[in-house]
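First the structure, in the form of structure tokens, and then the observations on it.
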């Protein structure tokens, strides 16, 4: 491609963030003793890893490479995930319990398709990714609610 796509930064940000998510969720799988939590984490970690690779592949197909970006919180997330703190606390410390809130980070995708320069292959990839991210939020929220119920705590509205 001769012109750099306007959405290249978005694709790169997704590839990097999903790779980071895959790293810490994989570490968490190794520490949880709860089979229900492990099942949710395995699904979500697999998605995160696949998303990272799919977006890196698409960036490469467009003639570019993923630009890794240092995130100072990445090491902190991995440390939390690998720790022996309870799964409920990990969900809260990692902020994953907020994924289904109305103003959550997923709201950033509400306007993705306002960019009419997105080619069809990238649009397909983004559409599937966004749908899977919303499903992931529902899975994680259900897991959080179950853990809260077992602990006897109320789930915030």
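The values are calculated or read from the model by the stated rules, or taken from the named source; none is laboratory data. Worth saying up front: this structure is predicted, and the values here are computed from it rather than measured. Please note: Cβ atoms are built from the backbone with ideal geometry, for glycine as well, and neighbour counts cover all protein chains shown.
Before moving on, here are some points about what is shown:
- Check on residue 69, over 13 Å from the mean Cα position of the chain (by Cα), modelled with pLDDT under 95 and under 25 Å from residue 122 (Cβ atoms): yes
- In the range 57-71, the residues that are farther than 29 Å from residue 143 by Cβ, touching a helix residue (DSSP H, G or I) at 6+ places or on another chain (Cβ under 9 Å) and not in a helix (DSSP H, G or I): 62, 64, 65, 66, 67, 68
- Checking the stated criteria, residue 132 turns out not to satisfy the condition of being in a loop (DSSP other than H, G, I, E, B) and under 19 Å from residue 17 (Cα atoms).
- Selected residue (criterion: surrounded by the fewest Cβ atoms within 10 Å (Cβ to Cβ)) from residues of the range 107-122 that are within 23 Å of residue 46 (Cβ to Cβ) and at pLDDT 95 or above: 121
- For residue 127, the test of being closer than 21 Å to residue 9 by Cβ, surrounded by 12 or more Cβ atoms within 10 Å (Cβ to Cβ) and at pLDDT 90 or above is passed.
- Within the range 1-41, tally of residues that are over 21 Å from residue 66 (Cα atoms), surrounded by fewer than 14 Cβ atoms within 10 Å (Cβ to Cβ) and either in contact (Cβ under 8 Å) with a residue 12 or more places away in the chain or in contact with a helix residue (DSSP H, G or I) (Cβ under 8 Å, 6 or more places away or on another chain) (or both): 1
- Any hit, the range 36-56, residues being assigned to a loop (DSSP other than H, G, I, E, B) and at negative phi: no
- Scanning the range 72-101 for residues that are farther than 16 Å from residue 33 by Cβ, part of a helix (DSSP H, G or I) and at pLDDT 90 or above yields 73, 74, 75, 76, 77, 78, 79, 80, 92, 93, 96.
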